[in-house]
1. Please report the antiparallel percentage of DSSP beta bridges with both residues in the range 196-284, rounded to the nearest 5.
2. Work out the FRET efficiency for Phe234 and Ser407 from their Cβ-Cβ distance, taking R0 = 22 Å, and round it to the nearest 0.05.
3. For the range 176-333, rounded, prolate or oblate, judged on the Cα gyration tensor with a ≥ b ≥ c (square roots of eigenvalues), a/c < 1.5 rounded, else prolate if a/b > b/c?
4. Along its principal axes, what span do the Cα atoms of the range 164-265 show, with the longest given first and each in whole Å?
5. Normalised radius of gyration for the range 48-182, please: alpha carbon Rg relative to 2.2 N^0.38 Å, two decimal places.
6. Tell me, which longest segment in the chain has none of the GluC sites (Glu not before Pro) that fall in DSSP loops with at most 13 further Cβ atoms within 10 Å?
7. Out of all DSSP beta bridges with both ends in the chain, state the antiparallel percent to the nearest 5.
8. In Å³ and rounded to a whole number, note down the convex hull volume per residue for the Cα atoms of the range 8-58.
Amino acid sequence: MNAEELLEKYAADLREFSGLNLNGVSLPGVNLSRSTFLNANFKAAKLTSADFSHSISQNASFHGANLTLADFSNADLQHADFSKAELTRTDFSAANLQEANLSYADLRDAKLRCANLNRANLSRADLRHAKLVSANLQHANLTSSDLSSTDLSGADLRYAELRQVALNRANLQGANLQGANLRWVDLSGANLRWADLTGAKLSGANLTGADLSHATLLDATLVHVDLSRSNLAFVDWTGADLSGSNLTGAKLHAVSPFGIKTTGATCRWIDLSQNGDQSQIYQFFSEDLSEYFHEVPPIVEIVIDDRLSSDAHCALAVAYQHLARQGTAIVPPTIEIHKRRTILRFELDRDEDLFWTAFVAILPFADATLTQQALIALLQSISTEAVSGSENGLQLFHTLVTTLSQSIQKLDTAKLLQAIPIAIQKIRFFQAPTRSTLFSSANRSIALFDSPQFGKRRIKYSKSEEEFAFLTQPIIFVPPTQTEAIEFLQSFHVR
């Protein structure tokens, strides 16, 4: 079938053209919308401004074709071949390009809004200034392609291959880049606000001046990344690896300094101001970034000598909710459940909140009073030692301990206990012995309280085994020494 026959049949309302061979044909401005071109051959064809909208062109070949300003909106182009095609300002809006081949294609200023490019091959394609808003690019191959100034806002790029891609000044606001390979990518000046980069691999990437505010970087790999002058305000980067990276001049307002790895990283100063205007600068006094950043967060750990039941789980949530309503909200704990024990871990943003959080977190349990008494005694011992000490640094810790003590004293314990539902007292889990331990951001720990009955109440023995009776005897808790308490406080990362 030649071009003339195609046009005659189309004019006669025929739309089935599967297997058509129009290699090298010239049909600029032709209207072939809503037609079927399965396995059709349009290699090297001149089809500028052609209309293929709503067409079915699976496995069709447009290799090397000139399709400038063509319309493929809402077309089914699965497995189609557009390699080395001229696609400048072509419209692929809402088109299905799953597993299509667009390698080496010229897609400058192309419209790909909401297009399905799942597993498509876009390697070495030119996508400068293209519009890929809300496009699906899951598992797509974009190796060495040029996406400078491209709009990828809201795009789905999960597990996409983006090695050595140019994304400078690109708009990736709200994009999902979870697990994507972004090694050696140029993201300088890019907009990554609210982007999800969980588990993304960005080693060697250039993020100079990029806006990553509110982005999610959980467990992301940012080894040897240039983050100088980047905006990282409000990011969540727990578990991220920034080894060997450059953070000089980065904006880090409302960002936790805990939970990241910074081995070998460099940074002269960071901007902590709310508006990024350098009104609040933190200057580093050494090459060791651990003076500000730490790999582990401060943690309050409460171990309960019983397994968490469904009723106890619900009651625990209700208890902390009631405490929050009294103005003493604490971070929700992670819960680790074992056969005979339950571990609650409260991960914090500041070492200074360890004692206060421990004081409140233990309230639902029968050991609350003893634990709180031990906590206050510990603080008082540190304060006394600090006053009598001659070292210059102890006065700073005295001030810190005094502030902590005053904060705890202001808490109306009786009122807080009244806020906890009485029904909790009937649940065995909350009567079980507990063990409370504090961990600083320097990974130093201190035992706050250990119930004498912890691990003892389940031990059973018969009359013939009375010589083992000592196993059930309570073990008296020995509180930390003043020296241990001061050393723990000295490990605090106080900003």
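The values are calculated or read from the model by the stated rules, or taken from the named source; none is laboratory data. Just so it is clear, the model here is predicted, and its values are computed rather than measured. Here the Cβ is made from the backbone with ideal geometry for all residues, glycine too, and neighbour counts use every protein chain on show. In case anyone asks, the SASA skips ligands and DNA or RNA and just uses the protein heavy atoms, side chains included. Shrake-Rupley method; radii C 1.70, N 1.55, O 1.52, S 1.80 Å.
1. Beta bridges within the range 196-284, antiparallel portion: roughly 20 percent.
2. Numbers: r = 26 Å, r/R0 = 1.18.
Step by step, r from the Cβ atoms, then E = 0.25.
3. Numbers: a/c = 2.08, a/b = 1.80, b/c = 1.16.
Taking the square roots of the gyration eigenvalues as a ≥ b ≥ c, the range 176-333 is prolate.
4. Ordered largest first, the range 164-265 gives principal extents of 29, 25, 23 Å.
5. Numbers: Rg = 12.9 Å, N = 135, 2.2 N^0.38 = 14.2 Å.
In units of the 2.2 N^0.38 Å rule of thumb, it is 0.91.
6. Working: sites that count: Glu287, Glu391.
The reported range is 1-286.
7. Details: 24 of 72 bridges.
Roughly 35 percent of the DSSP beta bridges within the chain come out antiparallel.
8. Values: hull volume 3.5 nm³, N = 51.
Once divided by residue count, the hull of the range 8-58 is 69 Å³.
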